[in-house]
Amino acid sequence: MAIRPILSALLRNRAGALLVAIQISITLAIVVNAVYVTQQRVEKIGRPTGLDDQNIFSFSTEGFDKDFDFPAMVRADLALLREMPGVIDAAPMQQIPLSGSGSSSGYFSLPNEKGTESPANTFWTDEHGINALGAKLSGGTTFDASAVKYLDEYPQFLQPGAIVSQGFAEALFPKQNALGKTFYDNHSTPHKIVGVIEHMHGSWVGWDKVDRVILSPMVGPKPRTRYIVRTQPGEIDRVMAAAEVALRQRDSNRVIGKLRKMSDQKMASYAGDSLMAVTLTVVTGLVLVFSALGIFGLATFNVNTRTRQIGTRRAVGARRRDIVRHFMTENWLITTLGVVVGCCLALAAGFWLSTHFGLPRLDLYYLVGGVLILWTVGQLAAWQPSLKAAKVSPSMATRNV
Amino acid sequence: MFAYYLSLAVASFKRNPGLTALMVFAIALGISVCMITLSSYRAAARNPAGDRGAILFAPSIDSWDPEDPFEENEKELAPTQLTYRDARGLYASSIPDRKVIMYKAGGIYSRDDKGMDPEYLATRMTTKDFFAMFEVPFLYGGAWDAKADEGPEPVVVLSKESNQKAFGGANSVGRTVRWHDREFRVIGVLDDWEPVPKYFDVSNGSFSDMEGAYIPFAWGPLLELGSDGNTNCWKTETIDSFQAFLNSECIWFHAWFEIREPAKQQAFRQFLDDYVLEQKKHGRFPRPLNNYLYDVGGWLERNKVVEDDNKAMLVLAFAFLVVCLVNTVGLLLAKFLNAAPAAGVRRALGASRRDIFWQHLTESGVVALAGGITGGLLGLGGILALRGWYGRFVDDAQRALPVDPTNFMLAIAIAIIAGVLAGLYPAWRIGRAAPASYLKVQ
């Protein structure tokens, strides 16, 4: 197959070919980077949380009578919640995982801020906490009910005995069984690990240490706590409506905060990521369609303006297959020009995004994938016009002369 | 002449309705994506303080850990909140024209006469200048005075919304609400007020809800109220009482200063350094001297109110628009060349190259306008759809993604500029073609 006649035909309509090449190059740059970023966001959103996050809701409650019995209120509320039909378990908690608000501190494997160090996101709950979260213990047990302390004021230290996530255990005691080991806060207070959670996400989904979590057996401080309630699948809406009414009936001398589904809080925490993923996916789809349209339009235009030339070639012996091949090759050349420039653009854009916007550096596999996709799109878009060209009759050569 | 070109353009659209629709659609899609990302970017990039943004200043002084900088990735930056001691220390300066220290607290409000359901309200603990400094509009009454700050006097300013809940929207000045077991007298009620972004406290959410009540700052330490927002600590210290917490290196306070004259601004920067050097003598501020005084614009930038994702999406949206435009250039070129014989006839009848150029540029302008309007409407639909979806679980979706007529106009303006740019080459090309060759074939 001779490239020369194709090239010279191409050079006759430089503007059109150039436009399509430019379009393809920018398309490649967009598609490669957009797909890469989208992929990472989708992975991030899809990480397992270690929680039964679709079947949990939470809310705050705060008593305002001066001398009310805080532990009695919490115990009565929880007893009522746990008895409700459709409820698997309920527990007190000062902050809610995946919600975006929580507290964290640094901890050490040895006293006096020595040994390995790791921050952890701390949650306070009672012996029902593990079950109410739907978390799985890989070792040890949940708290002993007698270990749970009801606080009168904000605590300086965690309570003795801690259940920790595997992520935290591994950070502090790499390659060891952390169960039964002791870790220390920055005042050298010892905390014995009584249970290890297989995997659990804490409050901040954007934190790279989101899987480092400590549960401590305490409730409060007076007058305020939150409750988390885990329901049977499909029961959450019904239970939410019933729970608020039942708690208000039991004791109206308090304020009950807004009931929130953990799944909604999770969606809110990932809202930025999902918006980014959705926007990029839509743009990627559209930009591919536009590129295909551009290629299709140019090929059609070329075929329409060259019917006489095609007819002449057919008349002097070119087969239909040669005509198809001519246009497909011409198109492939244009696409390839676009793709080559596009690779540079994509790399530059990827570099720029990673240095200016803190996005991770582009993975080269995506570039290869993008090139293959655009070649395919280009050839598919040129297919129909090329077939149309092949149908031009050799007699066209003699018309209109 | 322009009217004639318009009529020619309309005639041309009728000749190729499919191709015309495709061009309008291409521009519309590009514009709609741009408009959506632009709306979210502009909401975050706004400077709601307007001209006053240049004379309002937030300090950032480096009281942080000698071992670890406050920002892991930008080590040169200082913390964005203050310790209690430093908030008080800076507030003592007499240089600024106005000054505010504050933090976010909360609590349950009720009325002794049971006229309202007890309700938790986010509450701003602040000082008297807050209202004048941030140009807060009052519906009834007004701000408290210096005496109320010193007392502190039990006074409260309610937001319009919480006044609605507590008093049905009536003028409640002089009436009382109960808060943390005390009576607070309503001294003012605000009108609608919602700066976006919430620039005076971006540490607790750039698009967060406004507080429901404002109470003199000094009540905070007196009632031992911690922050209901962000609190950060780095130092190992024994915090066994609220007083110890106030004396700690934990940061949870904000300060703002209004300083009108440049000389005074300079003096205040010097004051910040002198203050920190003095504190160093007492063993505080273990890091090297590293103080900043940001105006509103600088503060919003320092706090990354415009997120990196915002910028990246905006860039991608405009790259997409470029693809749509290149597409349009190609389509226009094909369309104009297709109609070249008509242009040839007009040239032969005496139209100049320039006339042909303007005629075709007008045609691209009309396509762009149609694409802009369609794209603006599509963008509006997209914004409403996104808000509908995210509004179910994100409280601030409306503020982060506003419907703003300016954005609509901006989208149309971008479309027209882009469309005319796209039309330049095809219009020039068709104007350049020699009339004779087209006449011959006819």
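The values are calculated or read from the model by the stated rules, or taken from the named source; none is laboratory data. Note that the structure is predicted; figures quoted are calculated from it, not measured. Every residue, glycine among them, receives a Cβ derived from its backbone with ideal geometry; neighbour counts consider all protein chains shown.
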Query raised in the report: Among the numbered criteria (1) touching a residue at least 60 places away in the same chain (Cβ under 8 Å); (2) in contact with a helix residue (DSSP H, G or I) (Cβ under 7 Å, 6 or more places away or on another chain); (3) over 23 Å from B:SER39 (Cβ atoms), which single criterion is violated by B:TYR199?
Result: (3)
Report summary line: Residue count, segment B:305-315, condition in contact (Cβ under 8 Å) with a residue 60 or more places away in the chain and at the interface with another protein chain (Cβ under 10 Å from one of its Cβ atoms), comes to 4
Requested in this report: Could you look through segment B:153-168, keep only residues that are closer than 26 Å to B:ALA87 by Cβ and crowded, with 20+ Cβ neighbours inside 10 Å, and pick out the one that is nearest to the other protein chains (Cβ to nearest Cβ)?
Outcome: B:SER162
Query raised in the report: If you go through segment B:241-252 one residue at a time, do you hit one that is closer than 29 Å to B:THR176 by Cα, over 23 Å from the mean Cα position of the chain (by Cα), touching a residue at least 40 places away in the same chain (Cβ under 8 Å) and assigned to a strand (DSSP E or B)?
Result: no
Requested in this report: State whether the residues of segment A:118-126 include one that is assigned to a loop (DSSP other than H, G, I, E, B) and among the acidic types (Asp, Glu).
Outcome: yes
Requested in this report: Return the only residue of A:SER138, A:SER146, A:SER101, A:SER105 being in a loop (DSSP other than H, G, I, E, B) and at pLDDT below 95.
Outcome: A:SER101
Query raised in the report: assigned by TED's automatic domain parsing to the domain that holds A:VAL20, at pLDDT 85 or above, exposed (fewer than 15 other Cβ atoms within 10 Å of the Cβ) and out of contact with any strand residue (DSSP E or B) (no Cβ under 9 Å at 6 or more places or on another chain), is that true of A:ARG321?
Result: yes
Query raised in the report: For segment B:59-76, what are the residues that are buried (at least 17 other Cβ atoms within 10 Å of the Cβ) and either among the hydrophobic types (A, V, I, L, M, F, W, C) or within 14 Å of another protein chain (Cβ to nearest Cβ) (or both)?
Result: B:ILE61, B:TRP64, B:PHE70
Query raised in the report: Does A:HIS191 fit the bill of being part of a strand (DSSP E or B) and at pLDDT below 95?
Result: yes
Report summary line: Output for Cβ contacts, cut-off 7 Å, separation at least six or different chains, first residue more than 15 Å from A:HIS128 (Cα to Cα) in segment A:143-155, second modelled with pLDDT of 90 or more and part of a strand (DSSP E or B), reads A:LEU151/A:MET218; A:LEU151/A:VAL219; A:PRO155/A:MET218
Requested in this report: Out of the residues in segment B:99-117 that are within 14 Å of chain A (Cβ to nearest Cβ) and under 33 Å from the mean Cα position of the chain (by Cα), state the one that is surrounded by the most Cβ atoms within 10 Å (Cβ to Cβ).
Outcome: B:TYR109
Report task. Assess whether A:VAL303 counts as being surrounded by fewer than 19 Cβ atoms within 10 Å (Cβ to Cβ) and either touching a Gly at 6+ places or on another chain (Cβ under 9 Å) or of a type in the set (A, V, I, L, M, F, W, C) (or both). Result -> no
Report summary line: Here the qualifying pairs (Cβ atoms under 7 Å; residues six or more apart or on different chains; first in segment B:50-63 and under 18 Å from B:VAL100 (Cβ atoms); second assigned to a strand (DSSP E or B) and charged (D, E, K, R)) come out as B:GLY53/B:ASP295; B:ALA54/B:ASP295; B:ILE55/B:GLU258; B:LEU56/B:GLU258; B:LEU56/B:ASP295; B:PHE57/B:ASP295
Requested in this report: Within segment B:330-346, track down each residue that is within 7 Å of chain A (Cβ to nearest Cβ) and under 16 Å from B:ALA21 (Cβ atoms).
Outcome: B:GLY330, B:LEU331, B:ALA334
Query raised in the report: Can you tell which of B:ASN327, B:ASN407 is under 30 Å from B:ARG42 (Cβ atoms), more than 13 Å from chain A (Cβ to nearest Cβ) and in a helix (DSSP H, G or I)?
Result: B:ASN407
Query raised in the report: How many residues are under 31 Å from the mean Cα position of the chain (by Cα), within 14 Å of chain B (Cβ to nearest Cβ) and more than 14 Å from A:VAL164 (Cβ to Cβ) when one looks only at segment A:107-147?
Result: 1
Query raised in the report: Which condition does B:GLU224 not pass, out of (1) part of a helix (DSSP H, G or I); (2) on the phi > 0 side of the Ramachandran plot, if it passes all the others?
Result: (1)
Requested in this report: Could you identify the single residue in A:ARG82, A:ARG14, A:ARG75 that is within 14 Å of chain B (Cβ to nearest Cβ), surrounded by fewer than 19 Cβ atoms within 10 Å (Cβ to Cβ) and among the basic types (Lys, Arg)?
Outcome: A:ARG14
Requested in this report: Looking at (1) within 7 Å of another protein chain (Cβ to nearest Cβ); (2) at pLDDT below 90, find the lone condition where A:ASP264 falls short.
Outcome: (2)
Query raised in the report: In the list B:ARG429, B:ARG387, B:ARG392, which residue meets the criterion of being within 12 Å of another protein chain (Cβ to nearest Cβ), in a helix (DSSP H, G or I), under 20 Å from B:SER208 (Cβ atoms) and of a type in the set (Lys, Arg)?
Result: B:ARG387
Report summary line: Considering only strands (runs of 3 or more DSSP E) wholly within segment B:39-134, the ones with at least 2 residues that are at pLDDT 95 or above and not assigned by TED's automatic domain parsing to the domain that holds B:GLN270 are B:56-61
Query raised in the report: Restricting attention to segment B:213-252, and to residues there that are in contact with a Phe, Trp or Tyr (Cβ under 9 Å, 6 or more places away or on another chain) and modelled with pLDDT of 95 or more, which single residue is nearest to the other protein chains (Cβ to nearest Cβ)?
Result: B:ALA213
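Yes/no matrix, rows are residues, columns are (1) touching a residue at least 24 places away in the same chain (Cβ under 8 Å); (2) under 25 Å from the mean Cα position of the chain (by Cα); (3) within 30 Å of B:ALA436 (Cβ to Cβ):
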position	(1), (2), (3)
B:ARG347	yes, no, yes
B:GLY350	no, no, yes
B:ARG353	yes, no, yes
B:GLN359	yes, no, yes
B:GLU363	yes, no, yes
B:ALA400	yes, yes, no
B:ASN407	yes, yes, no
B:ALA418	yes, no, no
Query - Any hit, segment A:228-239, residues being farther than 30 Å from A:GLY167 by Cβ, among the acidic types (Asp, Glu) and touching a Gly at 6+ places or on another chain (Cβ under 7 Å) - result: yes
Requested in this report: Name the one entry in B:GLY381, B:GLY371 that is within 14 Å of another protein chain (Cβ to nearest Cβ), crowded, with 19+ Cβ neighbours inside 10 Å and at pLDDT 90 or above.
Outcome: B:GLY371
Report summary line: Checking B:LEU29, B:LEU56, B:LEU22, B:LEU6 in turn, the sole residue that is buried (at least 21 other Cβ atoms within 10 Å of the Cβ) and either within 22 Å of B:GLY371 (Cα to Cα) or in contact with a His (Cβ under 8 Å, 6 or more places away or on another chain) (or both) turns out to be B:LEU29
Report task. Answer with yes or no whether B:PHE257 is buried (at least 16 other Cβ atoms within 10 Å of the Cβ) and in contact with a strand residue (DSSP E or B) (Cβ under 7 Å, 6 or more places away or on another chain). Result -> yes
